[in-house]
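S.K.: Dropping a structure here in structure tokens format, bear with me for questions.
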Amino acid sequence: MKLFVFIGLSAVFCNAAEWQDRRFPDDFLFGAATAAYQIEGGWNADDKGENIWDRLTHTNPGFIADRSNGDIAADTYTNYRTDVEMMRQLGLDAYRFSVSWSRILPDGLSNKVSSAGLAFYNNYIDEMVKYNITPMVTLYHWDLPQKIQDLGGFMNPLFHEWFEDYARIVFENFGDRVKHWITFNEPREICYEGYGSDTKAPVLNRTDIGTYYCAKNLVIAHAKAYYAYVNDFKPKQGGVCGITISVNWFGPLDDTADDLLAAKIKRQVEWGLYAEPIFSENGGFPTELSEIVAKKSAEQGYKKSRIPEFTEEERKLVQGSSDFFGVNHYSATLVSATKHKQLYPVPSLLDDAGVGIYRPPEWPESASSWLAMAPKSMYNALTHLKNKYNNPTIYITENGWSETPHDGNYIDDGRVRYFRAALNDALDSLEAGVDLRGYMAWSLMDNFEWNQGYLERLGIYEVNFESESRERRPRKSAFIYKQIIKTRVIDPNYEPESYHMSIDEGH
Ligand code: BGC
């Protein structure tokens with residue numbers, strides 16, 4: 001017992017002595033992230049075109065837990081100056097947001113460019129740049145123009161042409177000030193949730209081939225936009241272009257060869273499908289997964305595999321087409337070859353994977369069923385990427401914690417604990433040699449949390465969705481984050497002196 005107390009105390013003292021010495025580099029970009037449909041509102045302002053979330057929420061309100069939508073959301077379309085003021089209060093180095101394709105191109109195609117759409121983003125970007133906040137822009141965060149979906153969306157092999165046209169218009173108009181580009185946010189959520197199952201717009205639910213064909217068309221569209229930037233804009237504008245993939249950690253449940261392989265397959269299913277064609281040495285889809293799907297497809301009577309192949313030209317185009325790896329990281333899951341298996345539709349991606357998943361009950365849970373606080377999950381994910389893909393430049397482009405609108409309110413200690421642990425993982429990763437350049441907290445403010453509407457809140461600023469002005473107010477996590485940004489260290493004991501948020505000099 002005595003020995004235990006002694007070890008415990010010395011651990012506390014060691015950590016206490018250490019935290020001041022564990023600094024984030026001065027040029028490390030601390031930021032926060034949002035996405036157009038989740039905050040902007042103005043769904044039909046000026047000549048904006050309809051997107052797939054407008055269509056889904058308007059025609060099937062019951063799809064969303066509280067029957068809400070993003071018609072007004074946090075009304076950033078009107079409140080963008082307030083958003084930038086919040087960034088200045090926090091002392092953010094960077095801000096990641098997305099451009100709404102149908103706000104720029106109401107018909108989805110390049111014939112008609114909305115001057116009101118361009119003006120909105122020009123003003124938003126100008127306001128950030130005025131205060132030295134680096135804009136990091138995502139071209140696509142799930143809000144596909146409905147007119148493109150009417151043509152099949154990501155299932156249409158011509159998709160890359162429409163996306164490249166859109167990307168060029170965005171680079172051309174904003175690239176003088178924007179130097180960090182992200183083509184797609186979370187291919188898994190776009191392809192598996194939107195096309196390969198029935199969880200997100202456009203709810204195509206083609207469990208057989210939806211995910212795989214979408215994945216191929218998406219990475220090709222990404223590569224086309226990437227090379228459009230590299231060849232025609234980068235020489236003058238000098239920025240970088242990458243992609244953001246959701247990389248949660250999947251480790252083995254037991255330390256057995258079977259579970260290690262099961263975890264590997266699960267990682268391929270969850271993110272390797274999108275990362276491997278771009279970041280691996282050989283390109284193309286992950287080998288183990290392709291073999292499994294080919295075998296199952298034959299057994300299921302398909303004349304060819306449900307997972308498409310890349311032509312040599314496509315493989316070469318996509319391989320290496322990214323200046324950095326954007327990582328959205330939230331949680332972890334343990335994977336078993338034999339235990340905790342569930343029934344999945346046949347055929348489907350998850351049936352193809354054929355593994356069981358498990359989350360230990362002791363991992364603290366958030367308000368979201370999928371989001372628990374798993375020990376060392378970000379560290380495990382980042383060091384794995386470093387080793388697997390030859391030490392790519394990485395930005396954490398999302399990381400955050402959800403609470404219900406009633407939990408804790410402004411004193412969001414659960415979120416504070418989560419951010420501190422994640423940022424300590426980021427420091428450990430830097431120490432392990434990961435080329436990590438920045439961290440964007442999700443989210444600057446409460447927003448439309450997709451299927452959960454406004455029932456799950458991830459903002460470090462609360463938004464009052466009952467008030468017409470969509471009033472914003474900082475939570476405790478905002479004060480803690482501000483202190484970390486300012487000092488570049490994580491003081492485990494820091495408590496805000498007051499809950500008044502002001503803009504410090506220099507911002
Ligand atoms: C998405 C965000 C979302 C967040 C929390 C990420 O998968 O990119 O749009 O709000 O997770 O669910």
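S.K.: What single numbered condition from (1) crowded, with 18+ Cβ neighbours inside 10 Å; (2) at negative phi fails to hold for Gly453?
M.R.: Unmet condition: (2).
S.K.: Based on what the data block shows, is Lys216 open to solvent by 40 Å² or more (accessible area, probe 1.4 Å) and at pLDDT 95 or above? I'd like the intermediate steps shown before the answer.
M.R.: Numbers: open to solvent by 40 Å² or more (accessible area, probe 1.4 Å): no; at pLDDT 95 or above: yes.
When the stated conditions are applied, Lys216 does not pass them.
S.K.: Tell me whether the stretch 244-253 contains one or more residues that are aromatic (Phe, Trp, Tyr) and touching a strand residue (DSSP E or B) at 6+ places or on another chain (Cβ under 9 Å). Steps first, answer last, please.
M.R.: First, the residues of the stretch 244-253 that are aromatic (Phe, Trp, Tyr): 249-250.
Pick out the ones that are also touching a strand residue (DSSP E or B) at 6+ places or on another chain (Cβ under 9 Å) and you get 249-250.
For the stretch 244-253, residues aromatic (Phe, Trp, Tyr) and touching a strand residue (DSSP E or B) at 6+ places or on another chain (Cβ under 9 Å): present.
S.K.: Considering the stretch 247-261 alone, what residues qualify as being surrounded by fewer than 20 Cβ atoms within 10 Å (Cβ to Cβ) and either aliphatic (A, V, I, L, M) or within 16 Å of the ligand (Cβ to nearest atom) (or both)?
M.R.: Within the stretch 247-261, Ala257, Leu260, Leu261 meet the criteria.
S.K.: How many of the residues in the stretch 469-505 are open to solvent by 70 Å² or more (accessible area, probe 1.4 Å) and closer than 20 Å to Gly31 by Cα?
M.R.: 3
S.K.: Looking only at the stretch 345-367, which residues are of a type outside the set (Gly, Ala, Ser) and within 16 Å of the ligand (Cβ to nearest atom)?
M.R.: First, pick out the residues of the stretch 345-367 that are of a type outside the set (Gly, Ala, Ser): 345-347, 349-352, 355, 357-365.
Answer for the stretch 345-367, where residues must be of a type outside the set (Gly, Ala, Ser) and within 16 Å of the ligand (Cβ to nearest atom): just Glu365.
S.K.: Here's something else I'd like to know. Please verify whether the stretch 262-280 includes one or more residues that are more than 16 Å from the ligand (Cβ to nearest atom), farther than 21 Å from His329 by Cα and open to solvent by 40 Å² or more (accessible area, probe 1.4 Å).
M.R.: no
S.K.: Given the criteria closer than 30 Å to Pro135 by Cβ, away from the ligand (no atom under 16 Å from the Cβ) and either touching a strand residue (DSSP E or B) at 6+ places or on another chain (Cβ under 6 Å) or of a type outside the set (Lys, Arg) (or both), does Gly238 qualify? First the steps, then the outcome.
M.R.: On the way: closer than 30 Å to Pro135 by Cβ: yes; away from the ligand (no atom under 16 Å from the Cβ): yes; either touching a strand residue (DSSP E or B) at 6+ places or on another chain (Cβ under 6 Å) or of a type outside the set (Lys, Arg) (or both): yes.
Here the answer is yes, as Gly238 does meet what is asked.
S.K.: Pull out all pairs, ordered by first then second residue, where Cβ-Cβ is under 6 Å, the residues are six or more apart or on different chains, the first lies in the stretch 125-141 and is within 12 Å of Trp101 (Cβ to Cβ), and the second is assigned to a strand (DSSP E or B).
M.R.: Correct list of pairs: Thr138/Ser98; Thr138/Ile182; Thr138/Asn185; Leu139/Thr183; Tyr140/Phe184; His141/Ser98; His141/Asn185.
S.K.: Looking only at the stretch 158-194, count how many residues are assigned to a loop (DSSP other than H, G, I, E, B) and within 16 Å of the ligand (Cβ to nearest atom). First the steps, then the outcome.
M.R.: Of the residues in the stretch 158-194, the ones assigned to a loop (DSSP other than H, G, I, E, B) are 158, 175-179, 186.
Subset that is within 16 Å of the ligand (Cβ to nearest atom): 186.
Count: 1.
S.K.: Same structure again: Return the residues of the stretch 60-115 that are closer than 14 Å to Tyr461 by Cβ, open to solvent by 40 Å² or more (accessible area, probe 1.4 Å) and among the aromatic types (Phe, Trp, Tyr); say none if nothing qualifies.
M.R.: Matches in the stretch 60-115: none.
S.K.: Can you tell me which residues in the stretch 139-178 are open to solvent by less than 10 Å² (accessible area, probe 1.4 Å) and aromatic (Phe, Trp, Tyr)?
M.R.: Residues of the stretch 139-178 that are open to solvent by less than 10 Å² (accessible area, probe 1.4 Å), as a first pass: 139-141, 143-145, 148, 153-154, 159, 163, 166-167, 170-171, 174-175, 178.
Of everything in the stretch 139-178, those that are open to solvent by less than 10 Å² (accessible area, probe 1.4 Å) and aromatic (Phe, Trp, Tyr) turn out to be Tyr140, Phe154, Phe159, Phe163, Tyr166, Phe171, Phe174.
S.K.: It is to be established whether one or more residues within the stretch 376-384 are under 22 Å from Leu260 (Cβ atoms), outside any strand (DSSP E or B) and more than 23 Å from the chain's Cα centre (by Cα). Steps first, answer last, please.
M.R.: Narrowing the stretch 376-384 to residues under 22 Å from Leu260 (Cβ atoms): 376-384.
Subset that is outside any strand (DSSP E or B): 376-384.
Those still in the list that are more than 23 Å from the chain's Cα centre (by Cα) too: none.
No; the residues of the stretch 376-384 include none that is under 22 Å from Leu260 (Cβ atoms), outside any strand (DSSP E or B) and more than 23 Å from the chain's Cα centre (by Cα).
S.K.: Follow-up question, since we're still on this one. Name the single residue that is nearest to Ile292 (Cα to Cα) among those in the stretch 354-380 being in contact with a helix residue (DSSP H, G or I) (Cβ under 9 Å, 6 or more places away or on another chain) and among the small types (Gly, Ala, Ser).
M.R.: Gly354
S.K.: Taking the stretch 28-52 as the region of interest, how many residues are in a loop (DSSP other than H, G, I, E, B) and either within 11 Å of Val99 (Cα to Cα) or away from the ligand (no atom under 16 Å from the Cβ) (or both)?
M.R.: 13
S.K.: From the list Ile209, Ile243, which residue is among the β-branched types (Val, Ile, Thr), open to solvent by 10 Å² or more (accessible area, probe 1.4 Å), in contact (Cβ under 8 Å) with a residue 60 or more places away in the chain and out of contact with any Leu (no Cβ under 7 Å at 6 or more places or on another chain)?
M.R.: Working: Ile243 fails: open to solvent by 10 Å² or more (accessible area, probe 1.4 Å).
The match here is Ile209.
S.K.: Identify all residues within the stretch 311-343 that are touching a residue at least 60 places away in the same chain (Cβ under 8 Å), open to solvent by less than 90 Å² (accessible area, probe 1.4 Å), more than 16 Å from the ligand (Cβ to nearest atom) and assigned to a loop (DSSP other than H, G, I, E, B); write none if there are none. Walk me through how you get there before you give the answer.
M.R.: Kept after step one, since they are touching a residue at least 60 places away in the same chain (Cβ under 8 Å), are these residues of the stretch 311-343: 314, 317-318, 321-340.
If we keep only those that are open to solvent by less than 90 Å² (accessible area, probe 1.4 Å) too, we end up with 314, 317-318, 321-337, 340.
After this cut, where a residue has to be more than 16 Å from the ligand (Cβ to nearest atom) as well, the list is 314, 317-318, 321-324, 334-337, 340.
Listed by number, the residues that qualify are Ser321, Ser322, Asp323, Phe324, Ala337, His340.
S.K.: Please name all residue pairs, on different chains or six or more residues apart, with Cβ atoms under 7 Å, provided the first residue is in the stretch 106-123 and is within 23 Å of Tyr95 (Cα to Cα) and the second residue is part of a helix (DSSP H, G or I) and among the aliphatic types (A, V, I, L, M).
M.R.: Pairs found: Gly117/Ile104; Leu118/Ile104.
S.K.: So, of the residues in the stretch 405-435 that are at negative phi and open to solvent by 50 Å² or more (accessible area, probe 1.4 Å), which turns out to be farthest from the ligand (Cβ to nearest atom)? Before you say what the answer is, go through the steps one by one.
M.R.: If we filter the stretch 405-435 for residues that are at negative phi, which is where we start, we get 405-407, 410-432, 434-435.
With open to solvent by 50 Å² or more (accessible area, probe 1.4 Å) added as a condition, the list becomes 406-407, 410-411, 413, 417, 424, 431.
Numbers: His406: 19, Asp407: 16, Tyr410: 20, Ile411: 21, Asp413: 20, Arg417: 18, Asn424: 21, Glu431: 27 Å.
Once the filter is applied, the top-ranked residue is Glu431.
S.K.: When the residues of the stretch 368-390 are narrowed to those that are under 29 Å from Gly284 (Cβ atoms) and open to solvent by less than 20 Å² (accessible area, probe 1.4 Å), which ends up farthest from the ligand (Cβ to nearest atom)?
M.R.: Tyr389
The values are calculated or read from the model by the stated rules, or taken from the named source; none is laboratory data. These figures come from a predicted structure and were not determined experimentally. Cβ: placed from backbone, ideal geometry, glycine included. Neighbour counts: every protein chain shown. For accessibility, only protein heavy atoms count, side chains too; no ligands or nucleic acids. Shrake-Rupley method; radii C 1.70, N 1.55, O 1.52, S 1.80 Å.
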